[in-house]
1. Which of (1) at negative phi; (2) part of a helix (DSSP H, G or I); (3) surrounded by fewer than 10 Cβ atoms within 10 Å (Cβ to Cβ) is the odd one out, the single condition LEU67 does not satisfy?
2. Spot the failing condition for LYS59; the list is (1) exposed (fewer than 15 other Cβ atoms within 10 Å of the Cβ); (2) in contact (Cβ under 8 Å) with a residue 24 or more places away in the chain, and only one is missed.
3. When segment 11-30 is examined, which residues are found to be buried (at least 16 other Cβ atoms within 10 Å of the Cβ) and among the hydrophobic types (A, V, I, L, M, F, W, C)?
Amino acid sequence: MSASPESVVVRNERIMAGRPIFRGTRVQVELLFENLAEGYSVDEIIENFPTLDREDLRKALLQACDLLKAAAPDTPRPPGPPFGR
């Protein structure tokens, strides 16, 4: 899959063994999610990784959200009366 001009996440087998990184950096995308899960704020992440840009982090989070929504499996409706009755 090739990166579109607005892609903030890219991969290249010669950089970080092909792990997804933020374009123009060597910062692995997973660090964003791991740091957020640990309770760090976006400001703290930018402070710790100064090559990252706030807008790029926002775009990566929105793209991840879209991918999660698209990948969510349908679940069967539970047996019984419809909701709200």
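Every number here is computed from the coordinates shown, using simple stated rules; none is lab data. Remember, it's a predicted structure, so these values are computed and weren't measured experimentally. No Cβ is skipped: glycine too gets one built from the backbone with ideal geometry, and neighbour counts run over all protein chains shown.
1. Of everything listed in (1) at negative phi; (2) part of a helix (DSSP H, G or I); (3) surrounded by fewer than 10 Cβ atoms within 10 Å (Cβ to Cβ), LEU67 misses just condition (3).
2. (1)
3. Correct list: ILE21, PHE22, VAL27, VAL29.
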